[in-house]
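What follows is one structure encoded as structure tokens, with my remarks underneath.
The values are calculated or read from the model by the stated rules, or taken from the named source; none is laboratory data. As the structure is a computational prediction, the values presented were derived from the model and not from experiment. Methodologically, a virtual Cβ is constructed for each residue, glycine included, from the backbone with ideal geometry; neighbour enumeration extends over all protein chains shown.
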Amino acid sequence: MGFNPIELERGSTGFKIWKKIKIKRVRVPDVLCLNTGMRFESRGKTKLEISMSHSLNDPKRAWDAGMRDDDLVSIVVFEQNDDSPIDLKQVSPVHFVSVRDMRRAFTVGQVSITQPKGVEEGSEIRVMWTCAAANLQSVVTAIEPGRISLTPITETRKQSIQLSRNKGKITLLPQVNVGEIVETNQIVAAVVPVSTVIQCPTSVSEAYFIDKLASVNLSERYAAAKALRYRGYTTAKPVLESRMRDVDEDIYVQLEAAAALAAYDDPNGWEFIENKLRSPVMTIPLETQLETVIVTSEIPKSRSEQLLIEVLRDTQRDDELRAGAAWALGQFASATSATALVDMFNSSPLEIKVEAARALLRIAEPQIPHLIDLLKNGDPTKRDGLSWVLARIGQFDPSEIVTGADENLRKWLSYIVGYGKDNFVQADVEAICKADPQVYFAASVLWQIVSSWVNDLREY
């Protein structure tokens, strides 16, 4: 639609959850358009509804906390594919609703409120803006007082949608026109205006975000600092430095301002970031240090990479902080990062090894020759993590490694070929049968096990 979106609320575009170090970030919408300054709160649903969590007791957890009238809430429905929690299929259009319209409906009572199920939910409730959607791709055949009629394109049975709800207390407004084709799970009536297409407004200048840096609203200052990492430096530099150095400013705004400066190699920005990561926990809390690690990973500079490696290798640091540094190095597809991650496989706590392996997998493709060299000639005690990565990335000839392989390497080659068979050229796999029949036999045992229906069977 012409927007230029970036992630505004950090973590909203990924699945990583930090279990021990809890980060209480600034409450902001998920997405920011760099060109227009527009902000979007994303709501992925498994059941189509316009709903937001809300707290009656804590204003900071109100459904619209940190949001502007011109922010948009986007509603989209997903289905989970297979058993993977991260393999999702979009099954509805993206719907856009303005916060201004949602606030109006909330104020006049055109909402439903669900009560908390238990004390452990912290008295959080859900606010629902009632809506109705098409069950199938359909044509809108009639809009009458109190009812919308839809005729599915592939079926003959019509769908009738009643516009009066909750004994007449709530009235839905049609969001479609007669003759319009609507998609499966598309909202056709709601208590608030809903759009599936929005116009991209005129772009704003760097000055727009500089002005927002002086806002009394914390979420505005945070968003402006993040935007200026991409939109400005020369004009914005003194204002960013002022935000960064203001001891009364929220630490996450300070970090974003520092990152905006460091992205242009400003020494003051780097000094701020490095001080946060090199200070003791007594001075800088762990959650601030972890957020600094994550911020650093977003700055594509060798100085960022070296700083993260420094944290990863420091055995005096908290294990989850080091695990965070391992995770962050998954943003740097270099031999330097790959080697640092592999170095964790033979001595580090399990949580660090796990993050190091996952990060290495993300950057493995350009590093395949380097990883194969580490597998053949490096420390044998690091081969487990390397083998896990190479089995999943493939794209090399495993038969070339067999010749001259020591006993330990032969075992790990069996694992690589056994678990990664589909990632290799069949002829290269068959060549192992002649080069080393025992490796081939061991791999074939794994093929049979992992392809059996009992492989993932659980007793509960």
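The residues of the stretch 270-288 that are touching a helix residue (DSSP H, G or I) at 6+ places or on another chain (Cβ under 7 Å) and touching a residue at least 40 places away in the same chain (Cβ under 8 Å) amount to a single one, Leu286. When you scan the stretch 380-392, do you find a residue that is under 35 Å from the mean Cα position of the chain (by Cα), within 19 Å of Ala338 (Cα to Cα), exposed (fewer than 12 other Cβ atoms within 10 Å of the Cβ) and hydroxyl-bearing (Ser, Thr, Tyr), even just one? Taking every residue of the stretch 380-392 in turn, at least one turns out to be under 35 Å from the mean Cα position of the chain (by Cα), within 19 Å of Ala338 (Cα to Cα), exposed (fewer than 12 other Cβ atoms within 10 Å of the Cβ) and hydroxyl-bearing (Ser, Thr, Tyr).
All of (1) modelled with pLDDT of 95 or more; (2) charged (D, E, K, R); (3) part of a loop (DSSP other than H, G, I, E, B) hold for Asp397 with one exception: (1). Residues in the stretch 202-234 that are among the β-branched types (Val, Ile, Thr), within 29 Å of Gly2 (Cβ to Cβ) and surrounded by fewer than 15 Cβ atoms within 10 Å (Cβ to Cβ): Thr202, Thr234. When Gln306, Gln254 are checked against the criterion of being out of contact with any Lys or Arg (no Cβ under 8 Å at 6 or more places or on another chain), in a helix (DSSP H, G or I) and either on the phi < 0 side of the Ramachandran plot or modelled with pLDDT of 95 or more (or both), a single residue qualifies: Gln306.
Do we have any residue at all in the stretch 340-349 that's modelled with pLDDT of 95 or more, surrounded by fewer than 19 Cβ atoms within 10 Å (Cβ to Cβ) and part of a helix (DSSP H, G or I)? So far as the stretch 340-349 goes, no, none of its residues is modelled with pLDDT of 95 or more, surrounded by fewer than 19 Cβ atoms within 10 Å (Cβ to Cβ) and part of a helix (DSSP H, G or I).
Taken over the stretch 193-204, the criterion of being modelled with pLDDT under 95 and hydrophobic (A, V, I, L, M, F, W, C) is satisfied by Val197, Ile198, Cys200, Val204. Any chance the stretch 281-299 includes a residue that's under 21 Å from the mean Cα position of the chain (by Cα) and outside any helix (DSSP H, G or I)? Checked against the condition, which is being under 21 Å from the mean Cα position of the chain (by Cα) and outside any helix (DSSP H, G or I), the stretch 281-299 yields at least one hit. Among strands (runs of 3 or more DSSP E) entirely within the stretch 106-194, having at least 1 residues that are within 27 Å of Ala65 (Cα to Cα) and in contact with a His (Cβ under 9 Å, 6 or more places away or on another chain) singles out 112-114, 124-129, 131-133, 187-190.
Among the residues of the stretch 205-221, those that are touching a residue at least 60 places away in the same chain (Cβ under 8 Å) and of a type in the set (S, T, N, Q) comprise Asn217, Ser219. Checking each residue in the stretch 1-45 for being hydroxyl-bearing (Ser, Thr, Tyr) and either surrounded by 19 or more Cβ atoms within 10 Å (Cβ to Cβ) or within 12 Å of the chain's Cα centre (by Cα) (or both) picks out Ser12, Thr13, Ser42.
Can you find even one residue in the stretch 141-162 that is of a type in the set (D, E, K, R), in contact (Cβ under 8 Å) with a residue 24 or more places away in the chain and more than 21 Å from Ser219 (Cβ to Cβ)? No, because not a single residue in the stretch 141-162 is of a type in the set (D, E, K, R), in contact (Cβ under 8 Å) with a residue 24 or more places away in the chain and more than 21 Å from Ser219 (Cβ to Cβ). Of the candidates Ala333, Ala356, the single residue that is under 25 Å from Tyr264 (Cα atoms) and among the hydrophobic types (A, V, I, L, M, F, W, C) is Ala333. Filtering the stretch 32-51 to residues that are of a type outside the set (S, T, N, Q) and in a strand (DSSP E or B) leaves Leu32, Cys33, Arg39, Phe40, Glu41, Arg43, Gly44, Lys45, Ile50.
Looking for something over 19 Å from the mean Cα position of the chain (by Cα), within 25 Å of Thr288 (Cβ to Cβ) and buried (at least 16 other Cβ atoms within 10 Å of the Cβ) - is there at least one such residue anywhere in the stretch 46-54? No; the residues of the stretch 46-54 include none that is over 19 Å from the mean Cα position of the chain (by Cα), within 25 Å of Thr288 (Cβ to Cβ) and buried (at least 16 other Cβ atoms within 10 Å of the Cβ).
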